[in-house]
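Quick note: the coordinates plus some simple rules give every number you see, no bench work behind them. Predicted, not measured: the structure shown is a model, and the values here were computed from it. In this analysis, Cβ positions are derived from the backbone assuming ideal geometry, glycine residues included, and neighbour counts consider all displayed protein chains.
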Amino acid sequence: MDHDLLSVEQILDGLGNECLGRRVLWYRRVDSTNALARALAVAGEPEGTVISAEEQTAGRGRSGRTWLASVGTSLLFSVILRPSLEAKRVQNLTVIAALALRDALFSSTALRAEIKWPNDLLLSGRKVAGILTEMRSVGDRVDFAILGIGLNVNQQVGAFAPALNATSLAIELGYPVDRAPLLQTILRCLELRYRLLGSGQSPITEWAEALVTLGQRMQIECGDRTYEGCAEAVDETGALLVRLDDGQLLRAPAGDVHTLVP
Ligand code: BTN
């Protein structure tokens, strides 16, 4: 199936943001929009630049995994940010991205996505989007951060290996979605939340309320160890607090969680 390709003009047309999307770069094929954004940021690219691609040959996922998406089916993009933020709070950027994605999906499609700690958006219990935030720090401050988002939009039934437990907007809705207005809505929602974060407003309470993960009994892979327990809360940096079966409280800054049936 042929897919319409995005263009810089479509992405910018009527966007209306002050910061995110000040400059938009679009590529037919790159290794990874996050890698390209990082190289640009190192070379001094100001914040707000969006790098979008139709295809990635080495798309990066969390924990060294790859992110696969066939040409023209997804939104694959990275945003260069230069927030005034302590490095230990960089997860806040993933948090605002998850909330912005959830808001944008609801206003564009009326679908209610769930947020799974630490960085997944789910529809019908399947992954529809992932967020990969990478950063460079100077001392204890963020120098720049790259916010990378992969959103499955127009993949058809059968496009994902069952083991991925993934879905797309088109699969959930039963019809394809125009990607340019959707990307614009995401960038507007993200700009709003980025501004609130910059003004000192923490997104953690709202995120915690939106997380499907809290209250669940789970297995958590953290570093090279696996634990079992109940996810009780998140702390102000976004780390997950898990009450282990032996009563200890595990603080997991990152990891993979799998729900266990109680
Ligand atoms: C995850 O869930 O593991 C995070 C996936 C993030 C994928 C996006 S696609 C656009 C951007 N460029 C990359 O190389 N990765 C992110």
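Residue-wise test of (1) basic (Lys, Arg); (2) closer than 20 Å to Leu93 by Cβ.
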| position | (1), (2) |
| --- | --- |
| Leu173 | no, no |
| Ile186 | no, yes |
| Gly200 | no, yes |
| Trp207 | no, yes |
| Val212 | no, no |
| Arg217 | yes, no |
| Asp235 | no, yes |
| Leu241 | no, no |
| Val261 | no, no |
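One residue stands out among those in the stretch 28-49 that are touching a strand residue (DSSP E or B) at 6+ places or on another chain (Cβ under 7 Å) and surrounded by fewer than 16 Cβ atoms within 10 Å (Cβ to Cβ): the one that is farthest from Gln155 (Cα to Cα), which is Asp31. Filtering the stretch 94-121 to residues that are among the hydrophobic types (A, V, I, L, M, F, W, C) and either under 24 Å from Tyr175 (Cβ atoms) or without any contact (Cβ under 8 Å) to a residue 60 or more places away in the chain (or both) leaves Ala100, Leu101, Ala104, Leu105, Phe106, Ala110, Leu111, Ala113, Leu121. Quick check on the stretch 53-73. Is at least one of its residues in contact with a strand residue (DSSP E or B) (Cβ under 6 Å, 6 or more places away or on another chain) and hydroxyl-bearing (Ser, Thr, Tyr)? Within the stretch 53-73, none of the residues are in contact with a strand residue (DSSP E or B) (Cβ under 6 Å, 6 or more places away or on another chain) and hydroxyl-bearing (Ser, Thr, Tyr). Scanning the stretch 192-232 for residues that are within 19 Å of Val242 (Cβ to Cβ), in a loop (DSSP other than H, G, I, E, B) and small (Gly, Ala, Ser) yields Gly215, Gly223. Residues of the stretch 128-185 that are part of a strand (DSSP E or B), within 16 Å of the ligand (Cβ to nearest atom) and in contact with a Ser or Thr (Cβ under 7 Å, 6 or more places away or on another chain): Val128, Ile131, Thr133, Ala145, Ile146, Leu147, Gly148, Gly150, Leu151, Asn152. It is to be established whether one or more residues within the stretch 250-257 are assigned to a strand (DSSP E or B), among the β-branched types (Val, Ile, Thr) and free of Cβ contacts under 8 Å to residues at least 40 places away in the same chain. No, there is no match, as no residue in the stretch 250-257 is assigned to a strand (DSSP E or B), among the β-branched types (Val, Ile, Thr) and free of Cβ contacts under 8 Å to residues at least 40 places away in the same chain.
Quick check on Gly238: is it in contact (Cβ under 8 Å) with a residue 12 or more places away in the chain and at positive phi? Answer is yes for this residue. The stretch 1-117 holds helices (runs of 4 or more DSSP H) entirely within its bounds, and those carrying 3 or more residues that are among the hydrophobic types (A, V, I, L, M, F, W, C) and closer than 17 Å to Ile149 by Cα map to 33-42, 91-109. What number of residues within the stretch 70-82 satisfy the criterion of being away from the ligand (no atom under 13 Å from the Cβ) and surrounded by 21 or more Cβ atoms within 10 Å (Cβ to Cβ)? So the answer is 1. One residue stands out among those in the stretch 50-69 that are surrounded by 20 or more Cβ atoms within 10 Å (Cβ to Cβ) and more than 10 Å from the ligand (Cβ to nearest atom): the one that is nearest to Leu36 (Cα to Cα), which is Val50.
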